[in-house]
Amino acid sequence: MLTVDVEEAWQTEVARKVVDRSSWDGREARVEIGTRAVVEMMGRNDVRGTFFFLGCVARRHPGLVREVAAAGHEIACHGDQHDHLSRLDAARMRADVERARKTLEDLVGEAVVGYRAPTWSVTRRTGWAVDVLLEAGFVYDASVFPTVHPSYGVSDAPLGAFRVKGHEAGRELLEIPPLMWRVGKRRVPVAGGGYFRLLPSSLMERGIEQAGREGRPAVVYFHPWEFDGGQPRLDLPWLSRVRMYVGVGSALGRLERVVKRFAGWTPMRERIAELEGMSVGGGVVVLGEGEQGRVAA
């Protein structure tokens with residue numbers, strides 16, 4: 001499953017270091033360049049995927065949302081203002097996702113059933129977000145990264161589709177994590193983004209092959225700015241510049257080679273019944289019980 005988080009480079013979490021939100025409206029919008037590039041590549045290869053749009057991007061580029069939907073891709077929700085959930089509470093997140101979802105549903109004329117948090121920020125510290133998503137009526141979440149990272153991640157989460165709980169007992173949500181390649185006891189993130197641009201693409205291919213053998217979903221992810229080699233560079237610290245810009249010019253060609261190797265790329269919403277079946281018997285990850293949480297049998 002190929003997914004795209006539709007946002008501007010200057011809306012990313014790392015850009016907060018140098019870009020004030022009050023300047024967003026006056027900044028050059030380039031999201032259409034990268035989004036159209038990946039949509040065209042997918043069309044050439046008969047691939048359909050899931051595009052997680054920010055609500056604020058959708059309001060500024062309504063034609064782009066309709067264009068992506070008309071090409072056969074799923075439109076899903078990435079929140080409204082790209083706020084890391086650690087900076088919100090349940091009430092503010094609820095308002096954020098409801099505004100974004102209404103924007104998207106009004107544009108495409110159908111229900112939006114999937115959500116991905118900015119910067120993978122559904123974690124044990126933000127387990128209450130699961131309850132917000134359930135209350136809002138989302139069918140699946142794609143926000144839990146089963147890895148260790150200073151800004152996100154649930155290190156012991158399952159690698160396949162699983163059920164997740166927040167604070168409220170008895171309520172569960174389908175969780176679809178990004179691709180990981182297991183090497184012995186280690187988990188190597190190979191799902192996309194900087195991991196794809198900074199590492200050999202063969203690692204993603206190995207991860208996809210392993211997921212296929214083990215009967216779990218292979219979910220990869222990218223951002224439009226990763227396919228826009230002509231974008232102006234933000235004045236970021238050196239290491240952040242490396243992580244954000246290395247490989248941007250060649251990312252689309254490398255991704256196309258990966259896409260050509262594997263068949264069956266489809267939107268997440270079309271695999272829900274299959275993924276629900278995969279999640280049965282795999283345990284339930286319980287978030288929101290303090291910082292540690294637990295995994296239920």
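The values are calculated or read from the model by the stated rules, or taken from the named source; none is laboratory data. All of these numbers come straight from a predicted model, not from anything done at the bench. Positions of Cβ are backbone-derived with ideal geometry, glycine not excepted, and every protein chain shown enters the neighbour counts. These area figures cover heavy atoms from the full protein model, side chains too; ligands, DNA and RNA do not enter into them. Shrake-Rupley method; radii C 1.70, N 1.55, O 1.52, S 1.80 Å.
Hey, any hits in region 99-118 for a residue that's acidic (Asp, Glu), buried (at least 16 other Cβ atoms within 10 Å of the Cβ), modelled with pLDDT of 95 or more and within 30 Å of Gly63 (Cβ to Cβ)? Before the answer, list the steps.
Initially, region 99-118 is screened for residues acidic (Asp, Glu), giving 105-106, 110.
Those left that are additionally buried (at least 16 other Cβ atoms within 10 Å of the Cβ): none.
Scanning region 99-118 turns up no residue that is acidic (Asp, Glu), buried (at least 16 other Cβ atoms within 10 Å of the Cβ), modelled with pLDDT of 95 or more and within 30 Å of Gly63 (Cβ to Cβ).
The C-beta contact set for region 51-66 (first residue touching a residue at least 60 places away in the same chain (Cβ under 8 Å) and open to solvent by less than 20 Å² (accessible area, probe 1.4 Å), second residue of a type outside the set (A, V, I, L, M) and in a strand (DSSP E or B), distance under 8 angstrom, 6+ apart or interchain) comprises Phe52/Thr3; Phe52/Asp5; Phe52/Cys77; Phe52/Gly114; Phe52/Tyr115.
The set of residues in region 218-245 that are of a type outside the set (D, E, K, R), part of a helix (DSSP H, G or I) and either surrounded by fewer than 19 Cβ atoms within 10 Å (Cβ to Cβ) or in contact with a Phe, Trp or Tyr (Cβ under 6 Å, 6 or more places away or on another chain) (or both) comprises Trp238, Leu239, Ser240, Val242. Please determine whether any residue of region 67-75 is assigned to a strand (DSSP E or B) and either open to solvent by 10 Å² or more (accessible area, probe 1.4 Å) or in contact with a Pro (Cβ under 7 Å, 6 or more places away or on another chain) (or both). Yes, that holds for at least one residue.
Here's a check for you: in region 123-140, which residue that is modelled with pLDDT under 95 and of a type in the set (Val, Ile, Thr) is surrounded by the fewest Cβ atoms within 10 Å (Cβ to Cβ)? Looking at the filtered set, the residue picked out is Thr126. Can Gly215 be described as in contact with a helix residue (DSSP H, G or I) (Cβ under 8 Å, 6 or more places away or on another chain), modelled with pLDDT under 95, farther than 21 Å from Val14 by Cβ and surrounded by fewer than 20 Cβ atoms within 10 Å (Cβ to Cβ)? So Gly215 fits the description; yes.
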